[in-house]
Amino acid sequence: MGRQTKYDENQLTERIKSDDVDAFKKLYDLYCQQLLKFISQYLKETTEAEEIIQDVFLSVWENRKNLQIDKSVKSYLFRIAVNKVYNHLKRKVVERKFQYYLIHNDINSENDIEDKIYFKELKETIDQIISQLPDKQRKIFQLSRLDGTPHSEIAKKFNISIRTVENQIYRAGKFIKSKLSGDILILFLIVNLSADYRQSS
Amino acid sequence: MTFQEFKNLVDKIESGQYRLSDLRKLDEQLRDREQVKEWMDGELNTLISTYSRNLNYEVLYEKIRGKIHVESRIDSHQKIVPLKKLLQVAAVLIIVFLFGGLASFLVFRQTLKKEQIKQQYCEVVAPYGARSEVVLPDSSKVWLNAGSKLRYSTDFNVTNRNLSLTGEGFFDVRKNKELPFIVNALDLKITALGTQFNVKAYKDDEVIETTLIEGKVKLESEANAYKFSENIYLLPNQKAVLVKKRSKVEVEYIPDNESDSRKEFEMAASAKLIIQEKIDPIPDIAWKNNKLVFNAKKLSEILIELERKFNVKFQCKSDKIQNYKFTGTLDDETLQQVLDAIKLSAPFDYSIDGNVVTLMVNSERMNEYEKQLQ
């Protein structure tokens with residue numbers, strides 16, 4: 001039985017290597033449910049879990065030429081899945097850290113001493129990253145994200161357009177998150193509330 | 001830490017119901033990459049595969065299949081066509097031998113070509129939720145955005161370089177002075193020699209947009225509604241927006257009081273073409289690198305792009321929110337990450353149910369926003 005499975009798997013790998021889409025579908029049928037059950041324990045949203053599944057199988061297809069016949073395609077598949085989930089968690093933590101920093105200001109609100117140190121370090125790290133920003137960009141970011149000054153006011157103050165203000169804030173956020181995670185950042189959206197709202201009412 | 005404790009932390013961080021200590025502990029544990037991966041690997045290998053969610057596995061497979069499709073289809077197309085041509089040439093040669101006349105050779109080749117034109121078309125589709133990349137027979141390259149279709153006949157690059165497009169495509173065109181490269185995008189005809197440009201012509205959009213990155217293109221239309229009086233050329237960093245002819249004009253306004261309302265007026269609106277100069281083309285072509293770039297773009301327009309990108313439908317009860325404008329770049333995010341980011345800066349909540357995403361106003365936060373605006 002065990003030998004039979006092994007043989008089938010080798011055959012499957014070989015067929016996928018030679019661009020056989022039916023073999024790829026077979027691989028999907030064999031492991032999709034197992035993978036999805038695993039992934040959905042870490043990602044609660046179905047759409048997100050689905051996207052990871054897609055990524056996992058697509059990367060098998062894209063790397064099919066490098067598959068090794070004597071190594072199980074299943075273990076390759078699983079390794080990719082574990083990596084993707086791990087990276088997702090890393091990214092999530094960076095996002096939450098930045099979010100926490102933006103919302104909470106007071107170190108003393110934490111009771112636990114370890115939390116206090118952790119938050120202090122987080123604050124210092126992000127403050128340090130902010131200090132590396134170009135002068136004007138830093139001031140704009142601080143006014144907007146930390147002091148809550150409306151964009152229109154900032155624009156007036158620096159004598160620049162609101163679009164430039166938004167652009168600067170966006171760049172600052174992107175820079176901070178990329179430094180914080182060590183990889184390329186994800187995203188930052190800014191509402192142009194004040195300007196837009198007054199225009200339309 | 002045990003694996004179970006680790007998973008409890010993940011649950012909290014994932015759901016958003018977490019304290020700083022949870023964040024700290026998970027952050028610390030994740031630094032031990034080997035341990036975490038070992039845990040997960042053990043877990044994955046011992047899982048028994050059962051249906052874990054309400055999910056259609058076949059639909060999901062079709063999505064994946066859609067993304068690998070183009071490559072294999074184009075490959076087979078490029079392999080099959082030369083073979084057919086070879087057979088045709090062989091047939092012609094036999095005829096030449098039989099009749100021994102050059103005249104008959106020409107006559108037959110002509111007829112064969114005509115038949116071929118009638119019969120064969122090549123179609124490349126990028127379904128909702130996927131993008132495609134195509135290399136055409138003349139080595140021009142086309143990127144297709146989600147929900148788009150490209151069609152050309154098999155004599156492309158033999159007698160013509162005509163294509164038809166619905167949806168959005170970015171074209172990187174090979175130079176060939178003898179065969180102009182013509183894109184028919186709904187009612188708009190775009191002619192290029194060797195250039196890079198983006199065309200956005202979705203059937204359900206109100207405009208057809210053409211953005212030129214490099215070179216020069218000519219715009220024409222054979223449809224009566226859009227007959228231009230002169231030849232129109234686009235230069236780099238110019239963008240042409242063709243406003244389609246409509247029978248109804250929608251007028252939106254936001255009144256002072258809380259109630260959201262929208263009225264429609266019957267109006268005869270004529271089509272028009274707007275040429276924008278010195279634009280920044282980056283936001284228009286960012287999609288081909290799987291990015292979305294918005295410059296003060298209305299949420300209502302952003303939602304349409306997200307629908308195409310993620311193959312979902314949005315329901316939004318409030319017009320007010322739809323008029324908010326956002327600026328920013330979405331890199332390779334999941335739908336949830338995108339929504340979380342927007343949620344962070346605008347007062348609404350969302351819920352996802354299958355393919356339907358519902359946006360709801362969070363009235364508490366909305367009040368705070370209103371206060372800030374005073």
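The values are calculated or read from the model by the stated rules, or taken from the named source; none is laboratory data. Here the structure is a predicted model, which is why all the values come from computation and not from measurement. Cβ coordinates were reconstructed from backbone atoms using ideal geometry, including for glycine residues, and neighbour counts include every protein chain displayed. The area values use the complete protein model at the heavy-atom level, side chains included, leaving out ligands, DNA and RNA. Shrake-Rupley method; radii C 1.70, N 1.55, O 1.52, S 1.80 Å.
Across the range A:126-148, a minimum of one residue is classified as within 14 Å of chain B (Cβ to nearest Cβ) and not in a helix (DSSP H, G or I).
A quick yes/no check of all residues on (1) surrounded by 17 or more Cβ atoms within 10 Å (Cβ to Cβ); (2) closer than 17 Å to B:A130 by Cα; (3) more than 9 Å from chain A (Cβ to nearest Cβ):
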residue: B:K288; (1), (2), (3): yes, yes, yes
residue: B:S300; (1), (2), (3): no, no, yes
residue: B:L303; (1), (2), (3): yes, yes, yes
residue: B:L306; (1), (2), (3): yes, yes, yes
residue: B:K313; (1), (2), (3): no, yes, yes
residue: B:Y324; (1), (2), (3): yes, no, no
residue: B:E333; (1), (2), (3): yes, yes, no
residue: B:M366; (1), (2), (3): yes, no, yes
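Of the residues making up the range B:119-151, those that are in a loop (DSSP other than H, G, I, E, B) and open to solvent by 10 Å² or more (accessible area, probe 1.4 Å) are B:Q120, B:P127, B:Y128, B:G129, B:R131, B:P137, B:D138, B:S139, B:N145, B:G147.
Filter the range A:35-90 down to residues that are β-branched (V, I, T), modelled with pLDDT of 85 or more and more than 28 Å from B:D11 (Cβ to Cβ), then give me how many there are.
Of the range A:35-90, the ones β-branched (V, I, T) are A:39, A:46-47, A:52-53, A:56, A:60, A:69, A:73, A:80, A:82, A:85.
Within this subset, residues satisfying the condition of being modelled with pLDDT of 85 or more are A:39, A:52-53, A:56, A:60, A:80, A:82, A:85.
Okay, now just the ones that are also more than 28 Å from B:D11 (Cβ to Cβ), so A:60.
Matching residues across the range A:35-90 total 1.
Being modelled with pLDDT under 90, more than 21 Å from B:F6 (Cβ to Cβ), loosely packed, with under 14 Cβ neighbours inside 10 Å and out of contact with any Pro (no Cβ under 8 Å at 6 or more places or on another chain) is a description that does not apply to A:E114.
If you go through the range B:1-31 and keep only what is facing chain A (nearest Cβ under 9 Å) and among the hydrophobic types (A, V, I, L, M, F, W, C), you end up with B:V10, B:I13, B:L20, B:L23, B:L26, B:L30. Please specify each residue of the range B:342-355 satisfying the condition of being farther than 17 Å from B:S15 by Cβ and facing chain A (nearest Cβ under 7 Å). Result: B:I342, B:S345, B:A346. When the range A:42-87 is limited to residues that are touching a helix residue (DSSP H, G or I) at 6+ places or on another chain (Cβ under 7 Å) and assigned to a loop (DSSP other than H, G, I, E, B), the one that is most open to solvent (accessible area, probe 1.4 Å) turns out to be A:K44.
Let's see how each residue does on (1) β-branched (V, I, T); (2) touching a strand residue (DSSP E or B) at 6+ places or on another chain (Cβ under 9 Å); (3) farther than 28 Å from B:I279 by Cβ:
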{"residue": "B:S139", "(1), (2), (3)": "no, no, yes"}
{"residue": "B:L144", "(1), (2), (3)": "no, yes, no"}
{"residue": "B:N160", "(1), (2), (3)": "no, yes, yes"}
{"residue": "B:G169", "(1), (2), (3)": "no, yes, no"}
{"residue": "B:I182", "(1), (2), (3)": "yes, yes, no"}
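I need a count of the residues in the range B:152-172 that are under 21 Å from B:K291 (Cα atoms) and open to solvent by 20 Å² or more (accessible area, probe 1.4 Å). Residues that pass the stated criteria total 2.
Scanning the range A:165-201 for residues that are among the hydroxyl-bearing types (S, T, Y) and closer than 21 Å to B:K291 by Cβ, we see that the one that is modelled with the highest pLDDT is A:Y170.
Within 18 Å of B:L26 (Cβ to Cβ), of a type outside the set (G, A, S) and either free of Cβ contacts under 8 Å to residues at least 40 places away in the same chain or in a helix (DSSP H, G or I) (or both): is that true of A:K92 in this structure? Let's see the steps before the verdict.
Working: within 18 Å of B:L26 (Cβ to Cβ): yes; of a type outside the set (G, A, S): yes; either free of Cβ contacts under 8 Å to residues at least 40 places away in the same chain or in a helix (DSSP H, G or I) (or both): yes.
So A:K92 passes the test.
Is it fair to say B:D280 is exposed (fewer than 13 other Cβ atoms within 10 Å of the Cβ), out of contact with any Ser or Thr (no Cβ under 7 Å at 6 or more places or on another chain) and either at pLDDT 80 or above or within 30 Å of A:Y170 (Cα to Cα) (or both)? For B:D280, the condition - exposed (fewer than 13 other Cβ atoms within 10 Å of the Cβ), out of contact with any Ser or Thr (no Cβ under 7 Å at 6 or more places or on another chain) and either at pLDDT 80 or above or within 30 Å of A:Y170 (Cα to Cα) (or both) - is met.
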